[in-house]
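Everything on this sheet refers to the single structure shown next.
The values are calculated or read from the model by the stated rules, or taken from the named source; none is laboratory data. It should be emphasised that the depicted structure is a prediction, and the values quoted were computed from it without experimental measurement. Cβ placement follows ideal geometry from the backbone for every residue including glycine, while neighbour counts extend to all protein chains displayed.
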């Protein structure tokens, strides 16, 4: 009975290893300020107003790049940990 429990736990760990590996392959999408449709009553935004938005976009894009790098590293570490836990549980299943 006990080996089947270890095998089920091992398969669960391998499943999580695959899931976290897939997480490491999908970065967050980039941030882009979209042009909105302006009505005839609104005036065109001034260039310095738009510069503020473009600076925000650049700063936020740099933040997303650093966040993507950290998420990839964390997901890969988690994937390796789950894979090793799966191997350990399979070893425990064959020992018991």
Margin query: modelled with pLDDT of 75 or more, surrounded by 10 or more Cβ atoms within 10 Å (Cβ to Cβ) and within 24 Å of the chain's Cα centre (by Cα): is that true of residue 55 in this structure?
Written below: no
Margin query: Which pairs turn up if I take residues in segment 1-13 that are in contact (Cβ under 8 Å) with a residue 40 or more places away in the chain and on the phi < 0 side of the Ramachandran plot and look for partners that are loosely packed, with under 14 Cβ neighbours inside 10 Å and outside any helix (DSSP H, G or I) with beta carbon separation below 7 Å, at least 6 apart in sequence or on another chain?
Written below: 2/96; 3/96; 6/96
Next item on the list: Looking only at segment 88-96, decide whether some residue is over 15 Å from the mean Cα position of the chain (by Cα), under 22 Å from residue 7 (Cβ atoms), touching a residue at least 24 places away in the same chain (Cβ under 8 Å) and not in a helix (DSSP H, G or I).
Entry: yes
